[in-house]
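Student: Dumping the structure here so I can ask a few things about it.
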Amino acid sequence: MPPSLENTAFLFPGQGSQRVGMGRELAQAEPLAAEVFAQADAILGIPLSRLCWQGPQEDLNDTINTQPALLTHSIAVLRVLQARLPDLQPTFVAGHSLGQFSALVAAGSLTFPEALRLVRARGEAMKAAGEERPGGMLAVLGLEAAVVESACRQAAEDTGAVVTLANDNCPGQAVISGQDAGLERAMELLRQAGARRLVRLAVSIAAHSPLMEPAKRRFDRALALAQFHDPEVPVVGNVSAAPLRSAPAVRADAAAQLTSRVRWTESMQLMLSSAVDTFLELGPGNVLCGLLRRLDRKAACLPLDTPESFEPLLG
């Protein structure tokens, strides 16, 4: 029996969900999906579809490629969903970090070509900022966000280095971001606080921290040239964790995002408290469905990626 789609939210994953082969089966089976990938290749002037489908993984993991690749795959899934269920209108859309730009396309706030150019510029700006102001990120498991935030403040005071809470993903899972000295001191404090696990992420960019200020300045220039529209459905912003209903609000949240915390737990709580009971994750993998289960095991979440993944929706 297909899930109830009366109160549905569309979720779009961010960096970390990419994998070689993403979108290939869908594009082979669905001309609409193939068309999205071909459009991305033409707009960017690079063989993005080949990179998504064949790799190599190292090139796909380069943030200047990862960001447009994930956006393209998510929008390919969206176009297939819209064709199969044309009457389905979500109550909310939301995306994790980079995924917010996919959500803006789904909401009609950005066209796909506009969003594609923006995320390419975003990736270039973040990569340059990482080279100018190196840093890293650390996943923290088993502690609440308030405890993690307190440890970051103390580590920053102790070392004079930048270290901050970057992602509040779900209860018991957070990511911190900053300079190496700050991260090392934070690790000591988090162990003392009882962290179940600490995992240094394989990145040299301190996303969602003050170290991204050069990227923000550069990306602001790209945002200023982009044409935003009022969303047709509310977009839950990463920075505000509130529904964004106008073009200026969407633009402001996108501008603040690079140096601000991703408030994903609060974003999901907002949608759950607004009677959303079915979530669809559009893009590779099921990371966001996994985070949702930590908040509400009763909420239905269906990842959409391959042709077969649509079958439960169609009955």
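Each reported figure results from applying straightforward, stated rules to the coordinates on display, with no laboratory input. Note that the structure is a prediction, hence the values are computed from the model and not measured. All Cβ positions, even for glycine, are placed from backbone atoms using ideal geometry, and neighbour counts span all protein chains on display.
Student: How large is the dipole of the chain about the Cα centre if only Lys and Arg carry +1 and Asp and Glu carry -1, each at its Cβ, rounded to the nearest 20 debye?
Tutor: For this selection, approximately 380 debye.
Student: Sticking with this structure for a sec: Using C-alpha positions alone, give me the convex hull volume of the range 1-159 per residue in cubic angstrom.
Tutor: Spelled out: Cα convex hull of the range 1-159, divided by residues, is 162 Å³.
Student: Go through S150, A125, Q89 and say which Cα lies farthest out towards the positive end of the charge dipole of the chain; charges sit on Cβ, +1 for Lys and Arg, -1 for Asp and Glu.
Tutor: Positive-end residue among those listed: S150.
Student: In addition: For the range 238-299, just list the percent of Cα-Cα distances falling in each 5 Å bin from zero outward, please.
Tutor: 4, 16, 23, 22, 21, 12, 3
Student: If you line up the long axis of helix 63-84 against the longest principal axis of the chain, both from Cα atoms, how many degrees apart are they, to the nearest 10?
Tutor: The two axes meet at around 40 degrees.
Student: Helix-derived [θ] at 222 nm for the chain: sum -39500 (n - 2.57) over DSSP H runs of at least 4, divide by residue count, nearest 500?
Tutor: Value at 222 nm, helices only: -15000 deg cm²/dmol.
Student: Using Cα pairs closer than 8 Å and at least 6 residues apart in sequence, work out the relative contact order for the range 135-203, in percent.
Tutor: 47 percent
Student: Another question, then. Can you tell me the order of 11-17, 93-99 when each peptide is scored by its average per-residue count of other Cβ atoms within 10 angstrom, highest first?
Tutor: With the highest mean Cβ count within 10 Å placed first, the list reads 93-99, 11-17.
Student: DSSP loop trypsin sites (Lys or Arg not before Pro) in the range 121-201 with at most 15 other Cβ atoms within 10 Å of their Cβ, which ones?
Tutor: Counting only loop positions with at most 15 other Cβ atoms within 10 Å, the trypsin sites (Lys or Arg not before Pro) in the range 121-201 are R196.
Student: With N denoting the number of residues in the range 163-249, provide Rg(C-alpha) divided by 2.2 N^0.38 Å, to two decimal places.
Tutor: 1.39
Student: Any chance you could give the angle, 0 to 90 degrees and rounded to 10, that helix 180-192 forms with the longest Cα principal axis of the chain?
Tutor: Helix 180-192 sits roughly 90 degrees off the main axis of the chain.
Student: Could you pull the Rg and Dmax for the range 135-203, using just the Cα atoms, both in Å?
Tutor: Expressed in Å, the Cα Rg and Dmax of the range 135-203 come to 10.2, 28.
Student: Against the longest alpha carbon principal axis of the chain, how many degrees, from 0 to 90 and to the nearest 10, is the axis of helix 31-44 turned?
Tutor: With rounding to tens, the tilt is 50 degrees.
Student: Next up: Hey, any idea what Rg/Rh is for the chain, computing Rh the Kirkwood way over Cα pairs?
Tutor: Over the Cα atoms of the chain, Rg/Rh equals 0.96.
Student: Let me ask something additional. Which residues' amide hydrogens lie under 5 Å from the amide hydrogen of E281, considering only partners 5 or more residues apart or on another chain, with H built in the peptide plane?
Tutor: Those lying under 5 Å, H to H, from E281 are L11, L302, L304.
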